[in-house]
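*Asks:* Before I ask anything, here is the structure I am working with.
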Amino acid sequence: MVGAACSVVPDFDVIGFRFGIRYGDFWGHRGFTHSPAFAAILAGAIVLLAFRDGLPNISRLSMWIYFFLATASHGLLDAMTDGGLGVAFFAPFDNRRYFLPWTPIRVSPIGIGRFSSSRGYAVLQSELLWIWVPAGALIGSTLLLRRRKPATGK
């Protein structure tokens, strides 16, 4: 549950629109909260505050890596969209925005209500194809590999 929350926290930056923060600003949409630096800080804060003693059979470093990747994946996927201003990957050191060379994912409208439009439906189809199907295949493959019994040596 914490990992899933980490994957959506970067988009909390849209709250800034209500306070006059512009899209391209440091705290604007796809700014600092979409950077690897933010992902590292958030992962560290979660491990220190919520998992100070770790968990059985899971090191704090492993948990930090998991939370970091869950958070950082959001910015990476946003950089694969076909709209917006790009992602400030190098914030807080550089606020320039970047896209990846390959942008197959339709950019999502800002606001839940806009998903009921034909554009919102097209975005959901795009995310299903480029995010959820590959994620499901990865999860399924991982589960299958875990079920395989180790070969006995002869």
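The values are calculated or read from the model by the stated rules, or taken from the named source; none is laboratory data. These figures come from a predicted structure and were not determined experimentally. Cβ placement follows ideal geometry from the backbone for every residue including glycine, while neighbour counts extend to all protein chains displayed. Side chains are part of the model used for accessible areas, which takes the heavy atoms of the whole protein and leaves out ligands, DNA and RNA. Shrake-Rupley method; radii C 1.70, N 1.55, O 1.52, S 1.80 Å.
*Asks:* Summarise the accessible area of the stretch 42-99 (1.4 Å probe, protein heavy atoms) by the percent that is carbon and sulfur.
*Replies:* 68
*Asks:* Which of the listed residues, Gly3, Leu144, Ala122, is farthest toward the dipole's positive end in the chain, when Lys, Arg count +1 and Asp, Glu count -1 at the beta-carbon?
*Replies:* Of the candidates, Leu144 comes out farthest on the positive side.
*Asks:* On a full-extension model of 0.36 nm per residue, what is the gain between Arg52 and Asp82, subtracting their alpha-carbon distance, rounded to one decimal in nm?
*Replies:* Length gained, Arg52 through Asp82: 6.8 nm.
*Asks:* What does the extension gain come out to for Arg60 and Met1, with contour length at 0.36 nm per residue minus their alpha carbon separation?
*Replies:* That works out to 19.6 nm of additional length.
*Asks:* Sequence-distant or interchain residues sharing an amide H contact under 5 Å with Tyr98, placed H: which?
*Replies:* Counting only residues 5 or more places away or on other chains, the set is Val87, Ala88, Phe89.
*Asks:* Let's see if you can work this out: charge +1 on each Lys and Arg Cβ, -1 on each Asp and Glu Cβ, no other charges. What is the dipole magnitude of the chain about its Cα centre, in debye to the nearest 20?
*Replies:* The dipole magnitude comes to about 580 debye.
*Asks:* For the stretch 2-85, list log₁₀ I(q)/I(0) at each q in 0.11, 0.13, 0.16, 0.17 Å⁻¹, using the Debye formula over Cα point scatterers of equal strength and ignoring solvent, two decimals each.
*Replies:* -0.32, -0.44, -0.62, -0.68
*Asks:* Oh, and also: Taking Cα atoms, how many degrees apart are the long axis of helix 133-147 and the longest axis of the chain, rounded to 10 and kept between 0 and 90?
*Replies:* With rounding to tens, the tilt is 10 degrees.
*Asks:* Oh, and also: Compute the long axis of helix 36-50 from its Cα atoms, compare it with the longest principal axis of the Cα atoms of the chain, and write down the angle in degrees, 0 to 90, nearest 10.
*Replies:* 60
*Asks:* Quick check on packing: order 134-146, 90-102, 29-41, 62-74 by the mean number of other C-beta atoms within 10 Å, highest mean leading.
*Replies:* Top to bottom by mean Cβ count within 10 Å: 29-41, 62-74, 90-102, 134-146.
*Asks:* Averaged per residue, what accessible surface does the chain expose to a 1.4 Å probe, in Å²?
*Replies:* About 67 Å² of surface per residue is accessible.
*Asks:* Also, quick follow-up: Taking the Cα atoms only, what angle lies between the long axis of helix 60-78 and the longest principal axis of the chain, rounded to 10 degrees?
*Replies:* Long axis of 60-78 versus the principal axis of the chain: about 40 degrees.
*Asks:* Rg/Rh for the chain to two decimals, with Rh computed the Kirkwood way over all alpha-carbon pairs.
*Replies:* That ratio equals 1.04.
*Asks:* Work out, step by step, the length gained on full extension between Ser116 and Val9: first 0.36 nm times the residue separation, then minus their alpha carbon distance; give nm to one decimal.
*Replies:* Full-extension gain reported as 36.2 nm.
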